Every structure is written in C-alpha cells, then in structure tokens.
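First up is the structure itself, then whatever we jot down about it.
The values are calculated or read from the model by the stated rules, or taken from the named source; none is laboratory data. Because the structure is predicted, anything quoted here is derived from the model rather than measured. Cβ placement follows ideal geometry from the backbone for every residue including glycine, while neighbour counts extend to all protein chains displayed. Side chains included, ligands, DNA and RNA excluded: accessible areas come from the protein's heavy atoms. Shrake-Rupley method; radii C 1.70, N 1.55, O 1.52, S 1.80 Å.
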Amino acid sequence: MSEQNVIMEVNHLKKYFRLDSKRTLKAVDDVSFKIYEGETLGIVGESGCGKTTCGRTCIGMYDRTDGEVLYRGEDVHKMDTAKKKEFTKKVQMIFQDPYSSLDPRMKVHDIIAEGMRIHKMNASRAEEIEEVQNLLRSVGLNAEHASRYVHEFSGGQRQRIGIARALAVNPEFLLCDEPISALDVSVQAQVVNLLIKLQKERSLTSMFIAHDLSMVKHISDRVGVMYLGNMVELAPSGELYKNPFHPYTQALLSAIPIPDPKIARNKKQIRLQGEVPSPVNPPAGCHFCSRCPYVTDRCKSETPVLKETAPGHFTACHLYG
Ligand code: SF4
C-alpha cells in the first residue's frame, strides 16, 4: 500500500493510567502502526492487552500520555473545536455491548437521528424519517422498527441499531470495539457479514478490535497482535494466519479449535505457561518472556522492537533479525 493513502498514523503511542502514587498501568506502551484508506485493520489479543484502550486513544476518546495519532495528517489530540467536531463526524464507534450502549428511554428513530441532528444533516423532518428508514433497511431491519424501543429487540438486532446509528452521519472510519463478543455465536457471523457488506458499499476504513482470531481473519485485511500494551506482530491477514512469526501469535493460532479431527490431531499445539502478567508490573525486556517457550537471557533485558521481518510483515521478537 502506498504512503499516499494512509488515513491514520500512530507513532509511539503511550496511554498510561495512574492508579495511585506508586502504581501506573501501562495499557498502551509505545505502539506504532498505520491504517490505510479502505482497509480493515484487526487488532487482537487477550483481555487486558490494551487493544480497546489503544483504539479509544486513537479516536481521541482518551487523551494520550505520549506519542501521537495523526488522522489525515492532523494530530487527533491537538485539534481545535471546529476540527474536532468534523473529526467526530468522520470517525464513529460501534460498541461491544449493544445492551448498554443504546438509551432504553429513546425510540430507535431518535437514537439513529441524534447524530444527524447534531450535524444538521437533514433539511426537514420528512427527510430525517426517510434517512432513518433507509438506514434501518440497510442494516437488515424494517422501517417500522423506528417507532419501537430497544428492549423490544434481540442482541443481534440491537447491534444492528448501533451500526445504523454509527452510519447515520456518513462516517469514513469505524472503530469496532469487540462488536460481536456480547452476541450469541449464532448471530456473530451475521453481524460480521453485515459489517463487511457495509464497509464495501460505503468504502469505509475500520479498526476491528477482538479477542477472537478466527472472526478477525474473516473481516480484516491486516491484523495486529497486541500483548501487554505492545504490538508484537502486524501482517496481512492471510500471511499472519499462514506464517505467524511471533511465538505469542503462534500460540494464539494453535489454540483455535479445528472442526476436522484428522487435521486437529496433526496440528502442533503450543501451550502457554501461566497467566498474562499484570500491565502494572510487566516483565523487563520482552513482556512475553515469562511465558515464551523460546526465551533467552537477552529477552529478559532487551525489549524487542517491531521491525519488518518479511515484506509487509512486522514482528517484535529477538528470534528474527
Ligand atoms: Fe520469546 Fe524472546 Fe521473542 Fe520475546 S523476544 S517472544 S521472549 S523469543
């Protein structure tokens, strides 16, 4: 991908949370990557790896501790009020929990129309009604659903309402923060397929955060793997799943269940030792060293840097280069 179509550039981003006078949680600790126009970048990792904090800091929901996030060249954390308003229209978020992210006191029409009203996007009430009905249809719901309340809908339908709300202001970038993890397995694929369809139709760029590697593969052009606040591997989706370099990625992929028992029997399982250490007190050197089967003395003192280990494939591990 060329340098011209970078939409978001994240440089040495850090987001720390001060817990008390002695303890600091380093949720995101020196992360750099780019997102190209029209692509979906998946960000995966176990809970507590910093993926949600990273996404939210990238769209300015959290202030950053250090580093920078550039959106079309503009520093997200230094925008003036007018630029920020424009940015919050262009960049929308789909939340993890469709139960708590929609106001139960509002009718579906008002939930979806709220953003359009803030940005004065419709000339008349009739235009607003038509727009909301079109949005409902585009996410697989019916026009008459506009007059109902969210408690009348299933989890999958509520997430569709959340998607319609995000699309109402014609965004160009979506942050999808674990949008399917609160849904029944049976509806997860439907919502992912809907997102893929809408992204194509509307030429959206997106960051898709998830802990489920198999679902991320389905939707992402490239995938970044996070571990304890660091990006440890970043590669085109097919390449990452076929040829993972980082021992943590290898372990995550080997844990994905395979439906065919014959293939599953021949698959090499990499079992990780112990739990993810606390991001308040991560191991020195490579943060993965306390669980890595290939750890050496160097790993315990020197932090590996994310570097290109194959064309377009970046890895932070001393085993490479
Ligand atoms: Fe394992 Fe060392 Fe690579 Fe870290 S740097 S992943 S501890 S081999």
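Looking at the chain, what % of its DSSP beta bridges pair antiparallel, to the nearest 5?
In the chain, DSSP labels about 60 percent of beta bridges as antiparallel.
Could you tell me the center-to-center distance, by alpha carbons, between the range 66-81 and the range 1-45 in angstrom?
A separation of 13 Å, based on Cα centres.
Which one, Ala316, Met226, Cys286, is farthest towards the positive end of the dipole of the chain when Lys and Arg carry +1 and Asp and Glu -1 on their Cβ?
Checking the options against the dipole of the chain, the answer is Cys286.
Report the far tail of the P(r) of the range 1-66, meaning the percent of Cα-Cα pairs longer than 15 Å.
Values: 1200 of 2145 pairs.
I get 56 percent for the Cα pairs in the range 1-66 exceeding 15 Å.
Let's see if you can work this out: charge +1 on each Lys and Arg Cβ, -1 on each Asp and Glu Cβ, no other charges. What is the dipole magnitude of the range 1-70 about its Cα centre, in debye to the nearest 20?
460
Taking the Cα centre of the range 35-120 as origin and charging only Cβ (+1 Lys, Arg; -1 Asp, Glu), how large is the dipole, in debye to the nearest 20?
400
What ranking do 307-317, 48-58 get when scored by the average of other Cβ atoms within 10 Å per residue, highest first? If you can, show how the numbers build up before the last one.
On the way: 307-317: 16.8, 48-58: 23.9.
Order by mean packing, descending: 48-58, 307-317.
Specify, per residue and in Å³, the volume enclosed by the convex hull of the alpha carbon atoms belonging to the range 126-234.
Measuring per residue, one finds 115 Å³ for the Cα hull of the range 126-234.
For the chain, which DSSP H helices look membrane-span-like by this rule: Cα extent along the axis of 24 Å or more and mean Kyte-Doolittle of at least -0.5? Could you put the intermediate results ahead of the total?
Values: long enough: 185-202 (26 Å, 0.22).
Membrane-span-like by this rule: 185-202.
At q = 0.17, 0.18 Å⁻¹, what is the log10 ratio I(q)/I(0) for the range 1-142, with the Debye formula run over Cα points and no solvent?
-1.12, -1.18
Mind checking the log10 I(q)/I(0) for the chain at q = 0.08, 0.09 Å⁻¹? Debye, one equal scatterer per Cα, no solvent, two decimals.
-0.40, -0.50
Pop out the carbon and sulfur fraction of the accessible area of the chain as a percent, whole number, probe 1.4 Å.
Solvent-exposed carbon and sulfur of the chain make up 49 percent of the total.
Which whole-number percent is the relative contact order of the range 126-180 (Cα, under 8 Å, 6+ apart)?
The value is 32 percent.
Say the cut-off is 24 Å between C-alpha atoms; which of Lys83/Lys107; Lys34/Lys90; Lys34/Lys78 go over it?
Exceeds cut-off: Lys83/Lys107.
State to the nearest 20 debye the size of the charge dipole of the chain about its Cα centre, where the only charges are +1 on K and R beta carbons and -1 on D and E beta carbons.
500
Using a 1.4 angstrom probe, figure out how much accessible area the chain has per residue, in square angstrom, rounded to the nearest whole.
On the way: 15520 Å² over 321 residues.
In whole numbers, the chain has 48 Å² accessible per residue.
Enter the Cα centre distance for the pair the range 86-146 and the range 184-248, rounded to the nearest angstrom.
Here the answer is 26 Å between Cα centres.
So what is the relative contact order of the range 141-233, in percent, for Cα pairs below 8 Å that sit 6 or more residues apart?
Averaging sequence separation for qualifying contacts and normalising by length gives 25 percent for the range 141-233.
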